[in-house]
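Visitor: Questions regarding the structure given below will be posed in turn.
The values are calculated or read from the model by the stated rules, or taken from the named source; none is laboratory data. As the structure is a computational prediction, the values presented were derived from the model and not from experiment. For neighbour counting, all protein chains shown are included, and Cβ atoms are generated from backbone atoms with ideal geometry for every residue, glycine included. Quick note on the areas: whole protein, heavy atoms, side chains included, nothing else; ligands and nucleic acids left out. Shrake-Rupley method; radii C 1.70, N 1.55, O 1.52, S 1.80 Å.
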Amino acid sequence: MREIIPELRVRAEGAARPVQIWSAGCASGEEPYSVVMLGLEAGLRPGRDFQVVASDISRSVLARARTGLYRDASFRDVDESLRQRYFSRKDGVSKIADEIRCHVDFMHLNLVDEAKLALLGTMDVILCRNVIIYFDLATKRRVMQSFHDKLRPGGCLLLGHSESLANVTTVFELKHLKRDLVYRRPLLGEEPDALWHAVARAAVDASED
């Protein structure tokens, strides 16, 4: 919200549209709901400034996500003020406010289903944390190519801290934030970081030997 979204909003406002965010592999919904909450905290208006779509391969977890009901385990790293502001609590269960829930569109999606992926529009941000660790190398490459194709130039891909694309693909570049690194689809006509591209290319070539 402090670094990625403001930069993307400049380009999005030029196109008179909100920033498009996709939570791929959203499980029971904590991630996309958190995006909406943090957007509101940053003074952004969901629907006007940004839109969130969330997907998962499991219909059962999507059903849980749509209810917006969570137990204490889901709040391990959540500021208590956010919990009080955006949730109501009853019998040990916290329910997310409708003003948050209504701004996330959930859909059933297999990340290797190219026909279903085609139904999604282009995105500015893709969140896919702790998902590709379960894929074999060939599937990782297939999914990363789909993510690249779905991202607008300049768009960002956020993976889990233990996940790397070093031996997977060279179509993204590393973007340095103040306290993190994310992957970015280069802008049209922009040269990717030479060092990162060389390291990634060598790793990809080695994995194919």
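Visitor: Could you list all residues from the stretch 114-143 that are in contact with a helix residue (DSSP H, G or I) (Cβ under 8 Å, 6 or more places away or on another chain) and among the aliphatic types (A, V, I, L, M)?
Guide: Residues satisfying the conditions are L117, L120, M123, V125, I126, L127, I132, L137, V143.
Visitor: Also: Against the condition at pLDDT below 95, surrounded by 15 or more Cβ atoms within 10 Å (Cβ to Cβ) and farther than 16 Å from E31 by Cβ, how does V143 come out, does it pass?
Guide: no
Visitor: Now for a separate question. Condition first: in a helix (DSSP H, G or I) and either basic (K, R) or farther than 30 Å from I132 by Cβ (or both). Now tell me which residues in the stretch 60-115 satisfy that.
Guide: Those that are in a helix (DSSP H, G or I) and either basic (K, R) or farther than 30 Å from I132 by Cβ (or both): R64, R66, E80, S81, R83, Q84, R85, D98, E99, R101.
Visitor: I've got another one for you. Looking at this structure, is S207 within 19 Å of the chain's Cα centre (by Cα) and modelled with pLDDT under 90?
Guide: The answer is no for S207.
Visitor: Now, a different point. Testing F75 on (1) open to solvent by less than 40 Å² (accessible area, probe 1.4 Å); (2) at pLDDT below 95; (3) more than 20 Å from E31 (Cα to Cα), one condition comes back false. Which one is that?
Guide: Status for F75: all satisfied but (3).
Visitor: Give just the number: which of (1) exposed (fewer than 14 other Cβ atoms within 10 Å of the Cβ); (2) of a type outside the set (A, V, I, L, M); (3) at negative phi does D56 not satisfy?
Guide: (1)
Visitor: If the requirement is being of a type in the set (K, R) and under 21 Å from the mean Cα position of the chain (by Cα), which of these qualifies: R71, R89, R66, R83?
Guide: The match here is R66.
Visitor: Listed residues I126, I96, I132; which is open to solvent by less than 60 Å² (accessible area, probe 1.4 Å), closer than 30 Å to R45 by Cβ and within 14 Å of the chain's Cα centre (by Cα)?
Guide: I126
Visitor: Based on this model, can you work out whether H103 counts as touching a residue at least 40 places away in the same chain (Cβ under 8 Å), open to solvent by 20 Å² or more (accessible area, probe 1.4 Å) and under 30 Å from L137 (Cβ atoms)?
Guide: Answer is no for this residue.
Visitor: Please tell me if L109 is within 20 Å of the chain's Cα centre (by Cα) and at pLDDT 95 or above.
Guide: Judged against the criteria, L109 is a match.
Visitor: Scan (1) within 23 Å of G47 (Cα to Cα); (2) open to solvent by 80 Å² or more (accessible area, probe 1.4 Å) for the single condition Y86 breaks and write down its number.
Guide: Exception for Y86: condition (2).
Visitor: Enumerate the pairs (first residue in the stretch 126-144 and more than 18 Å from T170 (Cα to Cα) and part of a loop (DSSP other than H, G, I, E, B); second residue anywhere and among the small types (G, A, S) and open to solvent by less than 80 Å² (accessible area, probe 1.4 Å)) with beta-carbon separation below 8 Å, excluding pairs fewer than 6 apart on the same chain, so at least 6 apart or on different chains.
Guide: From the stretch 126-144, the pairs are R129/G25; R129/G160; N130/G25; N130/G160; V131/A24; V131/G25; V131/G160.
Visitor: Which one of S23, S55 is modelled with pLDDT of 90 or more, in contact with an Asp or Glu (Cβ under 8 Å, 6 or more places away or on another chain) and either in a loop (DSSP other than H, G, I, E, B) or of a type in the set (S, T, Y) (or both)?
Guide: Answer to the selection: S23.
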